[in-house]
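A.B. asks: After the C-alpha cells below, expect a handful of questions from me.
What follows draws every value from the coordinates through simple rules; no lab data is involved. Just so we're clear, the structure is a prediction, and the values are computed from it rather than from any experiment. FYI the Cβ positions are ideal-geometry reconstructions off the backbone, even for glycines, and counts take in every protein chain you see.
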Amino acid sequence: MRSPNQSLAEYAARTVVVVLTLAVLQYTGLLLDGPAGIDPGHLAAVAVLFPAFSYLIALVGTNVRSGAE
C-alpha cells in the first residue's frame, strides 16, 4: 500500500481555506436560513474531519492509480 506524497503543509493550507470559507459564509448568513453568526462547534468539527477524509481520499486515489500500473 502506497501513501500519498502530499506534505502536511498542503493539508493544513487546504483546511484553513475551507474553514475560513465556511466561517465567512456562516457569518454573512448565506450558508443557512437562520440569523447570521458563527457556529464554533461546526467549524471545529470541519477542521478535524476535513483533513482526515481528504487524506483517506488521497490514499485511495494513490492506491487505485498504482494498482492500474
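A.B. asks: Across the stretch 11-69, which residue is surrounded by the fewest Cβ atoms within 10 Å (Cβ to Cβ) among those that are among the acidic types (Asp, Glu) and farther than 20 Å from Met1 by Cα?
C.D. replies: Looking only at the stretch 11-69, we keep the residues that are among the acidic types (Asp, Glu), and these are 33, 39, 69.
Adding the requirement that they be farther than 20 Å from Met1 by Cα leaves 33, 39.
Values: Asp33: 6, Asp39: 15.
Residue satisfying both the conditions and the ranking: Asp33.
A.B. asks: Restricting to the stretch 1-15, name every residue that is over 9 Å from Pro51 (Cα atoms) and in a helix (DSSP H, G or I). If you could, list the steps in order and put the result at the bottom.
C.D. replies: Narrowing the stretch 1-15 to residues over 9 Å from Pro51 (Cα atoms): 1-10, 13.
Listed by number, the residues that qualify are Leu8, Ala9, Glu10, Ala13.
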